[in-house]
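Structure record follows, encoded as structure tokens.
The values are calculated or read from the model by the stated rules, or taken from the named source; none is laboratory data. Remember, predicted model here, so these are calculated numbers, not experimental data. Here the Cβ positions follow ideal geometry from the backbone for every residue, glycine too, while neighbour counts run over all protein chains shown.
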């Protein structure tokens, strides 16, 4: 069976508007289910690929801060 996870995820969100995309992200994070991680990864990949170098650096900075906060406790 040839399952392309990226294509399946993109197909599921292809017609979503901004509020639906936001709800998808918020729900995935709030649920905390590991099965949602691939979908969040695909969404992050889309954001990353659409970002310029400054935006990418801002994401990396935010990620670094988030990792520090999450591992500080």
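(1) surrounded by fewer than 10 Cβ atoms within 10 Å (Cβ to Cβ); (2) at pLDDT below 95: which one isn't true of residue 49, the others all being true?
(2)
Please pick out the residue among 37, 21 that is within 14 Å of the chain's Cα centre (by Cα) and modelled with pLDDT under 95.
37
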